[in-house]
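Student: Sharing a structure below in structure tokens format, with a few things to ask.
The values are calculated or read from the model by the stated rules, or taken from the named source; none is laboratory data. Since this is a predicted model, take the numbers as computed values, not measurements. Positions of Cβ are backbone-derived with ideal geometry, glycine not excepted, and every protein chain shown enters the neighbour counts. SASA here: full protein model, heavy atoms, side chains in, ligands and nucleic acids out. Shrake-Rupley method; radii C 1.70, N 1.55, O 1.52, S 1.80 Å.
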Amino acid sequence: MLDGNISGDTSTHINILLVGLICMFTACNPFAPAIGVGDPFEDLLGDPKTVDGYFTNFRNAYELRDISLYELLIDSSFVFIYNDFDTGIEREWGFGQELETTRRLFESTIEVKLQWNQIISRQIYEEGTRAIAVRGFNLSVGLDNGEVFRGDGNVNFLLARPDTTLAWRLIRWRDESEL
């Protein structure tokens, strides 16, 4: 019974009840981020139909050390080309060896940081189904024993897709770094 003389405890309970009812009816959650303040996954998930989105997803696959994400980025006709500085010969490997090499890298590291730098050149051609992108990078790989390997250079990627509604896939990676 309310007689105008409400104790402090009862008043607190009523205030909490009123705030709860207001929040329930206005659907507020003081712990939730504001709705409509951008896409929370914008920096994590790139649009695989754009070249920039492809590079975002590539970085994420490396930094998460997730071979299943990485495999989605590589075409079955993939070729990796690099300069063997010991012999002075250009060498290459294909899809299977790329996945195995990358899987071993991911399993043997505790942290991978990949920073994409400036785009040196980018060409999209054949009605948007092929792209060549040359881009600088910095790579840091932390090993179990505490050692950290750092490298930088350029990648020269040939990307392809059957049509513009599909995601880009890496056909050829020419390593232009001096790692």
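Student: Could you provide, to the nearest whole Å², the per residue accessible area of segment 32-179 with probe 1.4 Å?
Tutor: It amounts to 59 Å² per residue over segment 32-179.
Student: Also, quick follow-up: Treat each spin label as a single point 7 Å out from the Cα along the C-beta direction, and report the residue 92 to residue 129 distance in nm.
Tutor: Calculated label separation equals 2.1 nm.
Student: If you count, for each residue, the other Cβ atoms within 10 Å and average over each peptide, how do 142-153, 101-112 line up from highest to lowest?
Tutor: 101-112, 142-153
Student: Put +1 on the Cβ of each Lys and Arg and -1 on the Cβ of each Asp and Glu in segment 42-179; which of 140, 58, 102 then has its Cα farthest toward the positive end of the dipole?
Tutor: Toward the positive end, the furthest listed residue is 58.
Student: If the chain between residue 164 and residue 118 were fully stretched, how many nm would it gain, using 0.36 nm times the residue separation less the Cα-Cα distance?
Tutor: 14.1 nm
Student: Okay, moving on. Could you let me know the centre-to-centre spacing of segment 103-179 and segment 55-88, using Cα atoms, in angstrom?
Tutor: Computed from Cα coordinates, the inter-centre distance equals 6 Å.
Student: Could you give the size of the charge dipole of segment 61-179 about its Cα centre, using +1 on the Cβ of each K and R and -1 on the Cβ of each D and E, expressed in debye and rounded to the nearest 20?
Tutor: My answer is approximately 360 debye.
Student: Residue 150 to residue 99: extension gain in nm, 0.36 nm per residue of separation minus the Cα-Cα distance?
Tutor: Working: separation 51, 0.36 × 51 = 18.36 nm, distance 2.14 nm.
Here the answer is 16.2 nm.
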